[in-house]
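The next block holds one structure in the form of structure tokens; read it before the comments.
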Amino acid sequence: MRICANLRQNDQVGRVPDADLSATGEKSRTTGAGTVRALFPGLAPSARPARMTPPLDCPSEGRFDGCEHHFALRVYFEDTDLSGVVYHANYLRYMERARSDMLRLGGCDQRAAFEAGEGAYAIRDLHIRYAAPARLNDVLLIVSRMTKLRAASVVIHQRVMQGSLLVAEAEVEAAFVAPSGAPRRHPPAWRRIFETLIWKES
């Protein structure tokens, strides 16, 4: 059983479950930016704020499902090796993208923190296990959850799924370091976000 507080830091975070919001029983359309109909149920589609419409020409940041971040991608020819399966190092790239968008969607601006001289995250420890191959045109889902929060680091468990099939999984510890390279505590605002996202089993 999962125990997790709903994350509602800003318009970009959180997912409002599909629900009947009209007499016709029409379902709302859920996006990474939230549900337009849930926020503006009384307005005609043309009258709703344009900013709530997900831009079609912007990259996907994935979405939160409770505490978990889901990030989907497709395997391209450039991702595969001579045998036609995804090259093992590319799973690290997939997971890095998912972690970056998980932080961005949660409200952590890593670039701004670095440019302000606060620091940046560096991988301190990583363990990965490969379970099944992925091939050209496969659609993969990177499922990320924060499992441990320490003063200057966070542990994130990530699974690469193809439908119900586990392709790979990893446990990654990212440490926040100052420009000098010395460990530094998470920015206070970020720590509050992480505390909301920590996955707990019961």
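A few points about this structure:
- Residue pairs meeting the criteria (Cβ under 8 Å; at least 6 apart or on separate chains; first touching a residue at least 24 places away in the same chain (Cβ under 8 Å), in the range 79-94; second part of a loop (DSSP other than H, G, I, E, B) and open to solvent by less than 20 Å² (accessible area, probe 1.4 Å)): VAL85/ALA134; VAL86/VAL75; VAL86/ALA134
- Single match in LEU126, LEU140 (criterion: open to solvent by less than 60 Å² (accessible area, probe 1.4 Å) and either more than 25 Å from ASP81 (Cα to Cα) or of a type outside the set (Val, Ile, Thr) (or both)): LEU140
- Scanning the range 51-101 for residues that are outside any loop (DSSP other than H, G, I, E, B) and open to solvent by 40 Å² or more (accessible area, probe 1.4 Å) returns ARG51, ARG63, ASP65, ALA72, ARG74, PHE77, GLU78, LEU92, ARG93, GLU96, ARG97.
- Residue pairs meeting the criteria (Cβ under 8 Å; at least 6 apart or on separate chains; first under 16 Å from SER144 (Cβ atoms) and open to solvent by less than 90 Å² (accessible area, probe 1.4 Å), in the range 178-200; second assigned to a strand (DSSP E or B) and of a type in the set (Val, Ile, Thr)): PHE194/VAL154; ILE198/THR147; TRP199/THR147
- Evaluation of PHE114 against (1) open to solvent by 20 Å² or more (accessible area, probe 1.4 Å); (2) out of contact with any Leu (no Cβ under 7 Å at 6 or more places or on another chain); (3) over 28 Å from CYS58 (Cα atoms); (4) of a type outside the set (S, T, N, Q) (one fails), failing number: (3)
The values are calculated or read from the model by the stated rules, or taken from the named source; none is laboratory data. Everything numeric in this text was worked out from a predicted model, so none of it was measured. So basically every Cβ, Gly included, is an ideal-geometry build from the backbone, and we count neighbours across all protein chains shown. Ligands, DNA and RNA are excluded from the accessible area calculation, which covers all protein heavy atoms including side chains. Shrake-Rupley method; radii C 1.70, N 1.55, O 1.52, S 1.80 Å.
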